[in-house]
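Structure record follows, encoded as structure tokens.
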Amino acid sequence: MKMFLNCIRRRLQFLGEKLPRYQRNISKYNTRDDSCDKTSLLKQLCADRYYISPEAFHTRTCTYGPLGTELKKNIIEQWTSAVRSRAYVFGITTSVQSRMCEESVRIVNVGALQEIINQDSLSKKEASQKIQTLMKDSVSVRTSLLQGALQQYIQALELVNRTLPFGLAETGLCHHSDSQLRHSSGCSFEVTESSLVWFCSPRTSSQWMDYWAHQRLQWWRKFALGPSDFDMCNVVDEELKEGTSHGVKVLYKFPWGSETLETLWSLGDTLLLKTHQGTYTKLQCRDGRKSVVPHVISVSANVDRGMLAYLFNSFQLLKKTDNKQKLHQRMVLKLHPTLTPVKVALDMGRGSSSELRRVCEGLFQEFLEAGISTWPGYLDTMSLSLENLHTKYDEMGVLFTVMVSESTLKSGLLLVRNRDTTIRETMHISEIKCFLLKYLSA
């Protein structure tokens, strides 16, 4: 996500005049004009519709709004569900702090460091020694989840009765360095990473590497509006880490170029042996009649960048003609039904507001109990036209808009609008929950 913000700063100027929320005339953006950039429109939409906090565009740390937080949670849940669909894949939780990882980032007390620097009485050697001591005593934080999984290997091995293959999965915060990036500052930034560490027989490690590479690419494409924007490539030899025999990257084609969403490494047994030095026999497990030390395959995804990829992939500018035959455009986040933060927006038309609200509240509770995430639009005190209401919900990525009206009180009929087709149809209130559940499960 940080790379998104930097690229935005380098390539675009922030929209100079913020448009009135919910009442933007999209037709004022002429798509035939090269200056109209979908990226800047998406940036504005993400801030207006509470996916990303506005201040995130001016800081190194990305903060999410309510909808962004929910989208990120849905991505993590689907990622975890996919990798844990195989038998013998277990979830773990490891500490953010790490003293064993050589690539860890250290958190230094700036006040203590400044105090050493300001002591004019110290010689250069004395100052250097004090700084080294301060660095040694400082807390180091992890740059990946791999080391934590390797440390839990022996305990997990006993759990599976020394049988291969098995895996350890985790999602957590890591500190990545941008020193390898162009225009980098050499600083670290915080990202959410999802990880699977797969332990398998040395003789089948290449087959498992191919299996997981194929599965991971298919997973990213599964939820995409445009699957071809997701691709895969082998890591060049110059980028292979020590002890790594093979690497694969899952990429997304952003407007400014392709970036890595997920990386797979075939690590052999080097890191496992290094983590558990002097305990060779405890590392061994059964492979047929032989006892072997397993090979390790590491799968790690940058969830923040993956979320950004899905936002770009689902963002569309669609043409629309109004009643006066005037051409307009609408912005829509066509996020996959499984990922979109809000499945249904529940609103009410004009009429007996107290009675309509009671119907809405009853439906709202019914949807929540069924696990259908619902936006309580009926609580909004700002009166909007139906057209502006649909514009708002399309930009939020809401799948269905359900309108409760006087007709509902008389005949039980609701007006249901589909985000993707824009078709409005009537449906009886007793059928709406089953319809939504069937749609989402399909």
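The values are calculated or read from the model by the stated rules, or taken from the named source; none is laboratory data. The structure displayed is predicted, hence computed values, not measured ones. Glycine also receives a Cβ, built like all others from the backbone with ideal geometry; neighbour counts cover every protein chain displayed. For accessibility, only protein heavy atoms count, side chains too; no ligands or nucleic acids. Shrake-Rupley method; radii C 1.70, N 1.55, O 1.52, S 1.80 Å.
For this structure, a couple of remarks:
- Portion, in percent, of the accessible area of the chain that falls on carbon or sulfur, probe 1.4 Å: 50
- Take every pair of alpha-carbon atoms less than 8 Å apart whose residues are at least six positions apart; their mean separation over the length of segment 343-442 yields a relative contact order of 30 percent.
- Cα gyration tensor, segment 331-372 - rounded (a/c under 1.5), prolate or oblate: oblate
- Sparse-neighbourhood loop sites, GluC sites (Glu not before Pro) in segment 381-442 - DSSP loop, at most 14 other Cβ within 10 angstrom: Glu431
- Gyration tensor verdict on segment 288-384 (Cα atoms; rounded if a/c is under 1.5, prolate if a/b is larger than b/c, oblate otherwise): oblate
- Per residue, the accessible area of segment 290-434 comes to 44 Å², computed with a 1.4 Å probe over protein heavy atoms only.
- The charge dipole of segment 342-441, taken about its Cα centre with unit charges on the Cβ of Lys, Arg, Asp and Glu (plus for the first two, minus for the last two), comes to roughly 100 debye.
- Dipole size of the chain about its Cα centre, with +1 on Lys/Arg Cβ and -1 on Asp/Glu Cβ: approximately 520 debye, rounded to the nearest 20.
- Sites Ile423 and Trp256, calculated FRET efficiency, Cβ-Cβ separation with R0 45 Å, nearest 0.05: 0.80
- Segment Leu409-Lys124, extension gain: residue separation times 0.36 nm, minus the distance between their alpha carbons: 94.3 nm
- Between segment 326-369 and segment 399-424, the alpha-carbon center distance in angstrom: 9
- For segment 342-441: rounded, prolate or oblate by the Cα gyration tensor [a/c cutoff 1.5]: rounded
- Cleavage-rule hits (trypsin sites (Lys or Arg not before Pro)) in segment 328-424: DSSP loop, at most 10 neighbouring Cβ within 10 angstrom: Arg350
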